[in-house]
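The values are calculated or read from the model by the stated rules, or taken from the named source; none is laboratory data. Note that the structure is a prediction, hence the values are computed from the model and not measured. With ideal geometry, Cβ positions are generated from the backbone for all residues, glycine too; neighbour counts draw on all protein chains shown. Heads up: the accessible areas ignore ligands, DNA and RNA and are worked out on the full protein's heavy atoms, side chains in. Shrake-Rupley method; radii C 1.70, N 1.55, O 1.52, S 1.80 Å.
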Amino acid sequence: MVRVREMTEADIEAVSGIRVTGWQTAYAGVVPQPYLDAMTVEDDARRRRTWFTPSRGQTLDLVAVDDRAVAVGWASLGPYREEAGAAGESYGELYALYVRPDRIGTGVGRLLLQEVHRHAAARRFDSLLLWVLTDNPRTRRFYETAGYTADGAVQSDLYDEVELTEVRYRRAL
C-alpha cells in the first residue's frame, strides 16, 4: 500500500536519493555519464535544504511512501516559471516526478501524478505543463498515457557541454 503526503524536512535525504538514482537510471545513455557520475545524494540534499523552507507556499512537494513509511517517489509542482500562452489562464508546472528505480511500473508514478493533478486543480490552475527530455521515450509515453500532449515548445540545456533538448507537454485540468 502506497500513500502520498506532503514532503517534510525529514524527507530531504530520501527525496535526494530518489532524485539522484532516478537521474542516473533514467538518463543513462542520454545525459553524459560524467555528469551523472558526479551527482551525489549529499550534494543534492545540501541544495534542497537551502530552498526547502523558503519555497513553502509557492512550491508543493509530495512524497509517496510505502506501508513501512519508506519514501518511494517524489513530485514537485507550482506556478509555471515562464509565459505559457493565453492571457488570463493560470498555468501550473510539474517541476519533477521521480520514482525509485526498483518501484517503476508499480503504480507509484501514476498515484503521484493523480495527487499532483488534484493539488493543481485545487490551486485553480487551468493547465499543467512539464518538460521531458526528447530522448526519453519511456517518460514521454507515461505522460501521454496520462493525457498530456506535446504542445510544440522546445528548449535546450547544456550538460557537460552536450546540448540536450526538452519538449513541453500540457494537460488541461
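When only Cα pairs below 8 angstrom with a gap of at least 6 residues are kept, the range 14-173 shows a relative contact order of 21 percent. Probing with 1.4 Å while keeping every protein chain in the model, the per residue accessible area of the range 95-163 equals 57 Å². The order of 25, 145 by accessible area, most exposed first and with a 1.4 Å probe, is 145, 25. Annotation: the chain has a Kirkwood hydrodynamic radius of 16.7 angstrom, from the mean reciprocal C-alpha pair distance. Summing charges over all other residues whose Cβ lies under 11 Å from the Cβ of residue 69, with Lys and Arg as +1 and Asp and Glu as -1, gives 0. Where only DSSP H runs of four or more residues are counted, the chain gives -10000 deg cm²/dmol as its mean residue ellipticity at 222 nm, each run worth -39500 (n - 2.57).
For residue 6 and residue 81, the FRET efficiency from 1/(1 + (r/R0)^6), where r spans their Cβ atoms and R0 equals 22 Å, is about 0.55.
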